[in-house]
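As structure tokens, the structure follows; a few thoughts come after it.
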């Protein structure tokens, strides 16, 4: 494979991981919309779309592995391909979280609507921005943006912590709403996990761009071998 | 690097990922023991040990990447190294779950002990067996054992589902125990996530040994390239 051809293949890999990201983001959007509208048809769509996300994950993985096998990539390309393989796994799990949310909405749909002290759509909108920014930091190789994703995760953890406190107080005050409050808490946790995946992606971008592993606050640079 | 030397390096990589697994497993053990004994000193140990797990993750990753960079591995070795990189990320997140459990135990420790309708140590013991079997399937290249780990995950999901039902009923019946029941539910969920990581590891073992991707039930084999 020529060097030019190899770089075309890397572009194709980038294209495919972005398509994968689009599918995962759409799944979360649909699941949150299903929550807001208590719409079982939207839940069904999330469940129906999942096998396609899983298939896309396998295809991206195989494409990446073929690239590794066919060409001995230079350090920076090697790290890029490894970042894609890791990002790919995170995106597939974002899809799993969308399924978890949809299943929880299906559970709630049988119960009377209740005003719960948690703003799921607002939380979802922040989490969605994190996923989008993580992907954009990847496309543009923008480590500053990736670092802002890491900071945003602390904010999501704080929101989730507040939701936990408010919903547990609500359960004590109105035991009748306990089951629905638990469902809402599950959904908040699922969104927190989506945010965790966005964080993982941002860490992988920094790892790729800087050739340095900033995970867990380690600042040392690693010489490309 | 000679072929013999390369295989020595692969053995060293295997040795290091096993050491990493030992640290992650120990963290979960300590956290569950902290829960059973409401022991804050054990919680502290889990928190103190976490940076060491994170450091071990980075070292395994760099060792694996150096191997990929220095030698163009054959398909089976390439997949082995990629499996190690993925397993490594899962083990680090097992360590994160242990920290989450320890933090929840610290939250519970301030409240009066309450008989909760969930057997956390029993659940932990099953999850622990899954992690151990996933690692053993990796060392021995035993895909049958890996498949049994996948089956065990369904059982954990079922137990967690039952815990959810029992604890939400308990919250409705005794609002005073709501906060502690929520803590126990969080711990059950953390254990479920550890089981998910064991499942991911088992899938990676099958991917490596068979060169086939059985994730999401896909049975097709992939020609080594």
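Just a few scattered comments:
- Relative contact order for chain B, counting Cα pairs under 8 Å that sit 6 or more residues apart, in percent: 25
- With neighbours defined as other Cβ atoms within 10 Å of a residue's Cβ, the residues B:199, A:2 order from fewest to most as A:2, B:199.
- Calculated [θ] (222 nm, deg cm²/dmol) that DSSP helices of n ≥ 4 give over the protein assembly as shown, each run adding -39,500 (n - 2.57): -30000 deg cm²/dmol
- Alpha carbon centroid spacing (whole Å) that separates the range B:105-175 from the range B:36-84: 23
- Principal-axis analysis of the Cα atoms of chain B puts helix B:178-210 at an angle of about 10° to the longest axis.
- In degrees, nearest ten, helix B:75-109 long axis to first principal axis of chain B (Cα): 20
- Each peptide among A:123-130, B:138-145 gets the average number of other Cβ atoms lying within 10 Å of its residues, and from highest to lowest they stand as A:123-130, B:138-145.
- Sorted shortest first, the separations between the residue B:169 label point and its copies elsewhere in the assembly read 3.0 nm; each point sits 7 Å from Cα along the Cα-to-Cβ line.
- Virtual paramagnetic centre 7 Å along Cα→Cβ of residue A:154, amide N under 20 Å, in the range A:181-197: A:192-197
- Chain B: most fluctuating residue of B:31, B:109, B:173 per GNM, C-alpha cutoff 10 Å: B:173
- Most fluctuating residue given options B:179, B:28, B:209, as computed from a GNM of chain B linking Cα atoms under 10 Å: B:179
- Fewest-first ranking of A:187, A:159, using other Cβ atoms within 10 Å as the exposure measure: A:159, A:187
- Shielding by partners - mean other protein chain Cβ count within 10 Å, residues of B:65-73: 5
- Relative to the longest principal axis of the Cα atoms of chain A, helix A:40-70 runs at roughly 20 degrees.
- Fewest-first ranking of B:80, A:164, using other Cβ atoms within 10 Å as the exposure measure: A:164, B:80
- Take each residue of peptide B:174-184, count the partner chain Cβ atoms within 10 Å of its Cβ, and average: the result is 4.
- Based on Cα atoms of chain A, Rg over Rh with Rh as the Kirkwood radius reads 1.05.
- Estimated from the Cβ-Cβ distance and a Förster radius of 22 angstrom, the FRET efficiency linking residue B:139 and residue B:55 is about 0.45.
Bear in mind that the values in this text are calculations on the coordinates, not laboratory data. None of these values were measured; they are calculated from a predicted model. All Cβ positions, even for glycine, are placed from backbone atoms using ideal geometry, and neighbour counts span all protein chains on display.
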